[in-house]
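The structure appears below as structure tokens.
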Amino acid sequence: MKLVKKMDIYLLKNFLGLFLMTFLICIFILLMQFVWMHVKDLVGKGVEISVLAEFFVYAVATMVPLALPLAILLASLMTFGNLGEHFELTAMKSAGVPLFRIMQPLAITIAIISVSAFFFSNYVLPQSQTKLWTLIFSLRQKSPEMEIPEGEFYDGIPGYNVYVRSKNHQTGLLKDLMIYDYSDGFQNAKVMVADSGRIFFTEDKKYLLFVIYSGESFENLDPKQQRATKSKDKIPYRRETYQQKTMLIDFSSDFNRYDESILHDQHVSKNVSELLHSIDSVQVLAHERSAEQSRQMVEQKYFGRDRAPGRVLEVVNAEQQVYFNADSLFERMSVKDQSRALQFAYDKARAQRDQVEYNALMLDEYKRYVRKHEVELHRKFTLAFACLIFFFIGAPLGAIIRKGGLGTPVVISVVMFIIYYIIDNTGYKMAREAIWPCWLGMWLSSFVLLPIGVFLTYKAAHDSALFRPEAWLKWYTRIKTQTQHLYEHYTRSIKRLSKRQVRDSRG
């Protein structure tokens with residue numbers, strides 16, 4: 001009993017150390033990928049270090065559910081691969097401890113991690129995603145830092161294009177300026193050239209103060225007259241020469257953070273109970289709207305009696321009205337009236353088609369809203385369940401291949417995770433586009449990988465040589481030998497048959 005407890009502690013120590021290392025590596029890789037996708041929102045904005053640190057913290061929290069399955073797969077594969085490579089796994093089995101008992105403490109640990117992953121996805125992840133995307137939206141709206149390059153046009157100032165041939169980096173003096181002012185519209189553009197100039201912010205950081213020296217400007221006074229006349233000599237314009245000119249440009253460089261309430265109704269900011277409540281509420285609204293649209297179409301368009309302008313039904317008495325047959329009425333019309341009636345019917349049919357398309361579009365908004373929430377609801381469970389599946393893939397694989405370290409396990413883990421990611425992403429897109437039900441699309445990867453985990457666990461428990469080269473070579477040799485025997489037997493049979501046919505022909 002003491003030996004088994006020591007073995008459990010030994011396995012847990014090895015696994016948890018590898019798990020922590022692989023988890024940090026996976027977080028780093030996924031974080032770099034995420035940062036690369038949003039690098040344009042971070043570079044050149046001049047935000048404080050605290051804002052960048054906040055961005056990385058929220059991004060790390062967002063990457064946790066995706067990094068956990070990969071880290072568990074790699075850590076379990078490396079743990080059992082090391083045990084197999086150093087014959088420790090063989091020694092445990094020789095002592096009468098089956099593979100399932102060896103995996104038991106790690107399976108319990110993975111189960112705890114999976115449950116923790118679900119609670120993390122349900123309570124922590126919505127908050128971190130809300131804060132992260134609010135921060136990203138705020139960074140996207142922040143104006144870039146003023147860094148005008150030399151020898152090329154700079155369009156970082158809204159409504160202006162500035163060209164600077166050279167600048168003095170010590171004094172900040174800009175030389176040989178050319179400025180295109182589009183602040184009043186492209187048709188009212190102004191062109192300015194100057195020998196030099198300076199640009200800096202006001203004290204409140206909300207405006208740019210542009211001071212230019214020894215320059216001149218040109219602008220048309222009446223752009224409409226320029227388009228109406230063919231002679232450029234008749235276009236009124238203004239040309240101004242100055243020694244110094246100061247322009248005040250609206251250019252706020254402050255970082256204004258959005259309110260997190262803008263994502264209050266988004267699926268990424270809700271837990272399971274909120275998702276279920278939103279799905280139920282929107283489905284009720286969609287059903288009510290669909291029923292109302294159906295009722296209006298039936299009452300007003302099909303079984304109701306819409307009257308054409310200027311036409312009334314013949315009234316016999318207060319309680320009886322005469323309805324004429326439409327075909328007979330149409331045949332009794334003149335050609336002109338028939339043409340008008342057909343055009344009127346065509347217009348009504350087209351209006352009805354537009355109304356149906358509009359109703360379908362309005363209902364589709366509700367359906368998309370529900371699909372997004374259902375996808376997010378299933379995702380909270382599938383990511384936690386993936387941790388269990390990857391453990392029962394990684395541990396048997398490590399016991400079968402008996403290779404530790406960061407070589408073969410990393411290659412196998414990356415291949416398995418790529419397969420998982422492709423299947424999961426395919427299912428997600430199918431569910432998002434309503435091609436498949438949401439539950440089928442989001443659980444597709446689990447349905448595919450779970451049988452693989454069961455198969456590998458069975459093979460590992462029965463000491464299968466599934467991934468050993470010598471076993472495959474032995475199998476190939478056996479197949480080759482049997483094939484040669486069959487070929488020789490077939491050749492001998494053909495020869496005997498030929499000899500018999502020759503004897504029969506002579507006889």
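What follows is calculated from the coordinates using simple rules that are stated; it is not laboratory data. Since the model is a prediction, treat every value here as computed from it, not as a measurement. Cβ placement follows ideal geometry from the backbone for every residue including glycine, while neighbour counts extend to all protein chains displayed.
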Could you order the peptides 409-416, 479-486 from most to least packed, using the average number of other C-beta atoms within 10 Å per residue?
409-416, 479-486
Rank-order 390-399, 20-29 by packing density, defined as the average count of other C-beta atoms within 10 Å over each peptide's residues, highest first.
390-399, 20-29
Net charge of Cβ neighbours under 12 Å - reference His267; Lys, Arg +1; Asp, Glu -1:
+3
With viscosity set to 1.002 mPa s and temperature to 20 °C, compute the Stokes-Einstein D of the stretch 32-147, Rh being the Kirkwood radius across alpha carbon pairs; µm²/s, no decimals.
122 µm²/s
Gained length - Ser328 relative to Asp265, 0.36 nm times residue gap less alpha-carbon distance
17.0 nm
Please get the size of the charge dipole for the stretch 1-131, origin at its Cα centre, with Cβ charges of +1 on Lys and Arg and -1 on Asp and Glu, quoted in debye to the nearest 20.
380 debye
Taking the Cα centre of the stretch 338-402 as origin, sum charge times position over the Cβ atoms of Lys and Arg (+1) and Asp and Glu (-1), and report the length of that vector in debye to the nearest 20.
100 debye
For the stretch 237-278, what ratio Rg/Rh do Cα atoms give with a Kirkwood hydrodynamic radius?
1.55
Quick one: which of 107-118, 487-498, 32-43 comes out on top by average Cβ neighbours within 10 Å, and what's the full order, highest first?
107-118, 32-43, 487-498
